[in-house]
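See structure below.
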Amino acid sequence: MLLLAHQDVVPVAAGEETGWTHPPFAGVVADGHVWGRGALDDKASLVAILEAVERLAASGRAPRRAILLAFGHDEEVGGERGAARIAERLAERGVAPEFVLDEGMAVLADGVPGVRGPVALVGIAEKGSVTLDLEVEAEGGHSSMPPRQTAIGILAAAVARLEASPMPARLAGPARLMLEGLAPEMGFGSRLAVANLWLFRRPLERRLAASPAGNALLRTTTAATLVEGGVKENVLPRSARAAVNFRLLPGDSIRSVIEHARRAIADPRVAVKVRGGFAAEASPVAPVETAGFEAIRRSIAEVFPGAAVAAYGDAIRFYLRLLESTGF
């Protein structure tokens, strides 16, 4: 079993060093709280794992199988010198863990809108991410004699077509497992819909996709986030560029996103390229019918009796907003 946690936190942005109730990295204990930058992300897991191992060692009991601990120090900046090096070392040693547990969600004591009682959410997947640059080159000149479309006009039309052609929606994977896990604690109408997806899938997908939260639950999302082009109001731009960020649903790939973007834009004047920097495929979906997931379920039941247990993907804030906004 491989237990993971990371020790680092997101740095304080320049200019935000002051204004804290306590210094951001002091870990001050006051008024019943730990005051510190990243005290939850992911220090709760880090401390809990160490406490559990110390208790096991002090008891004199030995686990039947190996327990490996891996604590990265650069997770917030990509993990290249932490998690990546650890993975390389384990591969060199021929270690293939039966069960890997990393940071996840929490037990929501106040429950989830529309669900009775506390809810424990166990992460089984994570969305991927890629940003595509849309680039247009055109003739320059003076704005008094413009062509039918300038570089910016061509680019704007490409972005509009891309936004009008989202990736296909599908109620599957972590999203479906979460709804199925929580359905027994929902009202009758919601239970009926989730239990009979063969009949209610399409109307349910339409209902969910009507909100940004539900849309993120169902598909790889498309978001135009940056645009640049032109240097002066009376000069035709020679080039224009937009950045479009996609968050990949498990089952989609960076390659399929690129192909979809080119089909949707359908304009040879627009070059589609992967932006340098961070890009990652969606993770595989961990199965829930396993000894590892069952061990987590049993542990939750012992510590939080009566809590509903459900799998989820990484966009949990979207799920919670979704349930609240739709009355699901």
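The values are calculated or read from the model by the stated rules, or taken from the named source; none is laboratory data. Everything numeric in this text was worked out from a predicted model, so none of it was measured. Using ideal geometry, Cβ is built from the backbone for each residue, glycine included, and neighbour counts are taken over all protein chains shown.
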Among the residues of the range 299-307, is any modelled with pLDDT of 90 or more, among the small types (Gly, Ala, Ser) and surrounded by fewer than 19 Cβ atoms within 10 Å (Cβ to Cβ)? yes
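When only residues in the range 258-298 that are within 16 Å of Ala125 (Cα to Cα) and acidic (Asp, Glu) count, which is surrounded by the fewest Cβ atoms within 10 Å (Cβ to Cβ)?
So in the range 258-298, the residues within 16 Å of Ala125 (Cα to Cα) come out as 280-290, 292-293, 296.
Filter again for acidic (Asp, Glu), leaving 281, 289.
Numbers: Glu281: 16, Glu289: 6.
Out of the qualifying residues, it is Glu289.
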If you go through the range 68-90 one residue at a time, do you hit one that is modelled with pLDDT of 95 or more and loosely packed, with under 12 Cβ neighbours inside 10 Å?
-> yes
Apart from one, (1) assigned to a helix (DSSP H, G or I); (2) modelled with pLDDT of 85 or more all hold for Val231; the odd one out is (1)
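Which of the strands (runs of 3 or more DSSP E) found entirely inside the range 1-43 contain at least 2 residues meeting this: assigned by TED's automatic domain parsing to the domain that holds Arg81 and in contact with a helix residue (DSSP H, G or I) (Cβ under 7 Å, 6 or more places away or on another chain)? Give the derivation first.
Working: elements: 2-6, 28-30, 33-35.
It comes to 2-6.
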Reported set for the range 1-21 where residues are surrounded by 15 or more Cβ atoms within 10 Å (Cβ to Cβ) and of a type outside the set (A, V, I, L, M, F, W, C) is His6, Asp8
Quick check on Arg61: is it under 30 Å from Ala280 (Cβ atoms) and either of a type in the set (Lys, Arg) or touching a Pro at 6+ places or on another chain (Cβ under 6 Å) (or both)? no
So, first residue among the aliphatic types (A, V, I, L, M) in the range 95-110, second residue in a loop (DSSP other than H, G, I, E, B) and surrounded by fewer than 16 Cβ atoms within 10 Å (Cβ to Cβ), Cβ within less than 9 Å, six or more apart or across chains; the pairs are Val95/Ala66; Val100/Met1; Leu101/Met1; Ala106/Leu40
Contact list, first residue from the range 57-76 and not assigned by TED's automatic domain parsing to the domain that holds Val9, second anywhere and among the aromatic types (Phe, Trp, Tyr) and at pLDDT below 95, beta-carbon distance below 7 Å, six or more apart or interchain, is none
Exactly one of Ala213, Ala183, Ala223 is at pLDDT 85 or above and either closer than 26 Å to Leu132 by Cα or not polar (S, T, N, Q) (or both), and that residue is Ala223
Next on the checklist: Checking the structure you have, find out if any residue of the range 239-246 is under 30 Å from Val107 (Cβ atoms) and either under 17 Å from the mean Cα position of the chain (by Cα) or assigned by TED's automatic domain parsing to the domain that holds Arg116 (or both).
Outcome noted: no
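When the range 100-142 is examined, which residues are found to be assigned to a strand (DSSP E or B) and of a type in the set (Val, Ile, Thr)? It would help to see each step written out before you state the result.
Keep residues of the range 100-142 that are assigned to a strand (DSSP E or B), which gives 100-101, 107-108, 119-123, 128-137, 141-142.
Passing the criteria: Val100, Val107, Val119, Val122, Val130, Thr131, Val136.
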Of the residues in the range 253-303, those that are in contact with a helix residue (DSSP H, G or I) (Cβ under 8 Å, 6 or more places away or on another chain), assigned to a loop (DSSP other than H, G, I, E, B) and under 30 Å from Ile154 (Cα atoms) come to Ala266, Asp267, Arg269, Ala279, Glu281
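Say whether the condition of being within 16 Å of Val272 (Cα to Cα), surrounded by fewer than 17 Cβ atoms within 10 Å (Cβ to Cβ) and touching a residue at least 12 places away in the same chain (Cβ under 8 Å) is met by at least one residue in the range 192-200. Spell out the reasoning first.
Of the range 192-200, the ones within 16 Å of Val272 (Cα to Cα) are none.
No - not one qualifying residue is present in the range 192-200.
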Condition test on Ala151, is it surrounded by 18 or more Cβ atoms within 10 Å (Cβ to Cβ) and at pLDDT 95 or above? yes
Within the range 237-246, residues being over 13 Å from Val272 (Cα atoms), of a type outside the set (S, T, N, Q) and surrounded by fewer than 20 Cβ atoms within 10 Å (Cβ to Cβ) number 1
